[in-house]
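Peer 1: Sharing a structure, written as structure tokens. Questions coming.
The values are calculated or read from the model by the stated rules, or taken from the named source; none is laboratory data. A quick note: this is a predicted structure, and the numbers were derived from the prediction, not measured. Quick reminder, even Gly has a Cβ in these numbers, built from the backbone with ideal geometry, and neighbours come from all protein chains shown. These area figures cover heavy atoms from the full protein model, side chains too; ligands, DNA and RNA do not enter into them. Shrake-Rupley method; radii C 1.70, N 1.55, O 1.52, S 1.80 Å.
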Amino acid sequence: MKIHFIGIKGSGMSSLALICQSLGYEVTGSDVDFFIFTQKELEEHGIPIYSFDKSNIKDNISVVIGNAFDDSNPEVKEALANKTVDAVYYFEFLGRLISQYESISVAGTHGKTTSTSMIKSLLIPYKETGYLIGDGTGVLSKESELFVVESCEFQDHFLHYVPDYALITNIDLDHVDYFKSLEQYIQSFQTFVNQVKKGVVLFGDDNNVR
């Protein structure tokens, strides 16, 4: 099965592309033409990266759309118009994937990348652990028992995830183009916590987390 990533150089998108390749999918992607550090890992794994062009969208493929793109992008417009294409946004695809594993979701305003990296390093010696980190790295296999995911609150995307466990590092108003108040921001984290299935670890020294 082929999966094409629109905006593959994005930090989460590149991680997800590497994961899909490790799961056995044929992976391609497209993005801007200038260098972004995440493309180095993609190139080392032999994943083709094309310039944006609607001809990259073929019949009967799956397409993952980066969160920064809409139908003003020619590939997004083509993918959404083609009835044979399964086109979903990054956070929707990741939500599907999380549901297939025992998952640990790392959320919070700051420290998500570091905390996700630390958790996966602690778990790997004990269990087959996959991970998706916002620094452009991602590993997962069909044998993975655990899946540790950096989960961003941007535009409430993390509300598409229903993990088994979660860690909340801190809460400090961010993404003010979407969240209009600290109260709204905190409520999104509360909604996220309420849908975690088994357990949540909270950093209690943070007033907003409490």
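Peer 1: In Å², and per residue, what accessible area does segment 13-108 have when probed at 1.4 Å with the other protein chains present? Intermediate results must be reported in sequence, preceding the final value.
Peer 2: Working: 4580 Å² over 96 residues.
That works out to 48 Å² for each residue.
Peer 1: Take the cross-link list Lys58/Lys112; Lys9/Lys58; Lys9/Lys112 and give me the ones stretching past 26 Å between alpha-carbons. Spell out each step's value before the answer.
Peer 2: Details: Lys58/Lys112 35 Å; Lys9/Lys58 20 Å; Lys9/Lys112 19 Å.
Where the Cα-Cα span goes over 26 Å, the pairs concerned are Lys58/Lys112.
Peer 1: Now a separate question. Need the C-alpha centroid separation for segment 133-173 versus segment 20-76, integer Å.
Peer 2: Going from one Cα centre to the other spans 21 Å.
Peer 1: Give me the 1.4 Å probe accessible area per residue for segment 152-209, excluding ligands and nucleic acids, in Å².
Peer 2: On the way: 3130 Å² over 58 residues.
Dividing the accessible area of segment 152-209 by its residue count gives 54 Å².
Peer 1: Let me ask something else. Gain in length, Lys83 to Thr113, computed as 0.36 nm per residue apart minus the alpha-carbon separation, to one decimal in nm? Please list the in-between numbers first.
Peer 2: On the way: separation 30, 0.36 × 30 = 10.80 nm, distance 3.64 nm.
That works out to 7.2 nm of additional length.
Peer 1: In the chain, what percent of the accessible surface is made up of carbon and sulfur (1.4 Å probe, ligands and nucleic acids excluded)?
Peer 2: Details: 5300 of 10230 Å².
Its accessible area is 52 percent carbon and sulfur atoms.
Peer 1: Of the peptides 37-44, 196-203, 100-107, how do they stack up when ordered by the mean number of other Cβ atoms within 10 Å, highest first?
Peer 2: Working: 37-44: 15.9, 196-203: 14.4, 100-107: 22.1.
Answer by packing, highest mean first, reads 100-107, 37-44, 196-203.
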